[in-house]
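Below is one structure, written out as structure tokens; comments come after it.
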Amino acid sequence: MPHAKPRGIAVVDVGYTNTKIAVFSPDGKLAAERKAPSRHVEGPPYRHIDPEPMVDFCRRTLTELDRILPIDVIVPCAHGAALACVDRDGKLALPVMDYTSEPPADIVADYRKIMPAFEEAFCPLLPMAITHGLQLYWQERSEPEGFARIATVMPWIQYVGFRLCGAAVTEISSMSCQTHLMDTRSQQLSSMVKARGWTRFFPPMVKAWDTIGTLKPEFKAAGFRGEGHVMAGVHDSTANFMRYVCAGIDRFSLVSTGTWSIAFDPSAPLDVLDPARDTNTNTDVLGRAVCCSRFFGGKEFEAVSGGAAAEAATLDHVAAIVARSTFAIPSFTPTSGAVPDSGGKGRIEGAPPSGDAERSSLAALYCAQMVSEQLDAIASQDDIIVDGPYSQNGVLLAILAQLRPAQRVLASDLRDGTTAGAAALGLIEDGRLPMIPLSLVAAQVSAVPGLEAYHAAWRKKAYGQR
């Protein structure tokens, strides 16, 4: 590339709800961004994603943003729960399955018989159609004519790049995000993929930061100034994790929050993982297996708070809740998180909370306890960095810090680690990560009387120890 550093890096971040294009300067600073809604179609043949609004948005927006900074590099980034099945002409052979689709019970039962062991894929079978292997199996069983037309299968992330430049590739973070498609230890396609004869579908694997092509002319209107090199791209949660690695942080546990609370720990050994506790691995762009755990953090907070604002919580209200032994027992959504077999069994025990302040305080207390369980599930021992909405909840952070006195709890001011982490890939030189500093603030440690005894009683109730 003629320029020592790209003049502008555009991240095309295709989320479940919105597609965002964010442009970053060579020092990793956000210069501009645009958003458009993602489109989901009920079916037939199943609930699916329509990629055309995303493609149209790129056509409209990349040239506009190129006027702000010349776009020399484009980094695709997307959620890791979809596959694109493409025919020999580069058209979709089958619609891109929406991971909220509900597969038939007989398909799920039969898939359980063929899916790889946890010790190979380090991923349990996830609910709905989140697991890529189940998606392919369902398509093979229910749509044989369309399946027969498949020439290439790409993660949704790399399909974004394929639409931008025409090159078909795969990439390790995208292929290893709880997919059942990869043998985590060997970083080869899984035994199930080989047994099903699916190996032929997957194009070559490249590095996330490799240039795979240049923008097609349809995305560059007259006056486009940038070079338009398209990189292979990265799984969105892994991009967020990599932003902290690019800050020079070595040993740490990241709790990345939003709709989901996902904890990452690159130092945890794989043998601590337990499928019953919703643990798994992601593989980062450097090829390292990263132990993860999760729970439906945003939805669980909403369920307990009843919609009360997070800002309504106070430590005084938490102390009152603890003193009178009011408990929120998991889980209030169909997922169990780190507490096995708790999905859909959520309940309030003791005097129920009254008013927004108490409901929000109970939600903060409950979610801090669930985050602590998440961290236990991956044997977390180092500094804990929290980003996303939970990082703005001082009550939740203070409780978490009291529950885990041997570790520092740090709040990140990073507002969109996904796009910032993806943009950092555009600054990799000779395989070396850039160094981009971050601001982290130590959380206040609460001193809620009786919290330790309360938490021990909560754990007995949560794990069914009567």
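Just so it is clear, none of the values below were taken in a lab; they were calculated from the coordinates. As the structure is a prediction and not an experimental result, all values here were calculated from the model. Cβ coordinates were reconstructed from backbone atoms using ideal geometry, including for glycine residues, and neighbour counts include every protein chain displayed.
Observations on the structure shown:
- Extension gain for SER325-GLU349 works out to 7.8 nm (0.36 nm per residue, less the C-alpha to C-alpha distance).
- Taking Cα centre as origin and charging only the Cβ of basic (Lys, Arg, +1) and acidic (Asp, Glu, -1) residues, the dipole magnitude of region 199-354 rounds to 380 debye.
- For the pair ASP341 and LYS91, a Förster radius of 41 Å applied to the C-beta separation gives a FRET efficiency near 0.40, rounded to the nearest 0.05.
- Cross-link reach is defined here as a Cα-Cα straight distance under 20 Å, omitting same-chain residues fewer than 8 places apart; for LYS194 the lysines meeting it are LYS113.
- With the simple spin-label model, which puts each label point 7 Å out from Cα in the Cβ direction, the ARG200 to SER142 separation comes to 2.5 nm.
- Remark: the GLN187-THR314 segment gains 41.1 nm on full extension, using 0.36 nm per residue and subtracting the alpha carbon distance.
- Full extension of the chain segment joining ARG34 with VAL445 gains 144.2 nm, where the gain is 0.36 nm per residue of separation less the Cα-Cα distance.
- As a proxy for reagent exposure, LYS35, LYS207 were ordered by neighbouring Cβ count within 10 angstrom, fewest first; the result is LYS35, LYS207.
- Coarse-grained scattering of region 111-183 at q = 0.22, 0.27 Å⁻¹, given as base-10 log I(q)/I(0) from a Debye sum over alpha-carbon atoms: -1.08, -1.26
- Net +/- balance of residues flanking ALA351 in space, Cβ distance below 15 Å, scoring K and R +1, D and E -1: +1
- Degrees between helix 451-462 axis and first principal axis of the chain (Cα, 0 to 90, nearest 10): 70
- Relative packing of peptides 270-276, 440-446 - highest average C-beta neighbours within 10 Å first: 440-446, 270-276
- Averaging the Cα positions of each part gives two centres, and for region 243-257 and region 86-163 these lie 31 Å apart.
- Charge dipole of the chain (Cα centre as origin; +1 on each Lys and Arg Cβ, -1 on each Asp and Glu Cβ, all else neutral): 220 debye, rounded to the nearest 20.
- Only DSSP H runs of four or more residues enter the estimate; each adds -39500 (n - 2.57), and after division by the residues of the chain the mean residue ellipticity at 222 nm equals -9000 deg cm²/dmol.
- Taken over the alpha carbons of region 7-75 as equal point scatterers, the Debye sum produces base-10 log I(q)/I(0) values at 0.11, 0.26 Å⁻¹ of -0.29, -1.08.
- Once the mean of 1/r is taken over each pair of separate Cα atoms and inverted, region 344-410 shows a Kirkwood hydrodynamic radius of 12.9 Å.
- Prolate/oblate/rounded call for region 127-258, Cα gyration tensor, a/c under 1.5 rounded: oblate
- q = 0.23 Å⁻¹: log10 I(q)/I(0) that the Debye formula gives for region 234-311, counting C-alpha atoms only: -1.06
- Restricting the calculation to Cα atoms, region 294-336 yields a radius of gyration followed by a Dmax of 11.6, 31 Å.
- Cross-link reach is defined here as a Cα-Cα straight distance under 20 Å, omitting same-chain residues fewer than 8 places apart; for LYS345 the lysines meeting it are LYS299, LYS460, LYS461.
- Stokes-Einstein diffusion for region 244-462 at 4 °C, viscosity 1.567 mPa s, with a Kirkwood radius from C-alpha pairs, works out to 73 µm²/s.
- Taking a ≥ b ≥ c as the square roots of the eigenvalues of the Cα gyration tensor, an a/c ratio of 1.5 or more together with a/b larger than b/c marks region 30-113 as prolate.
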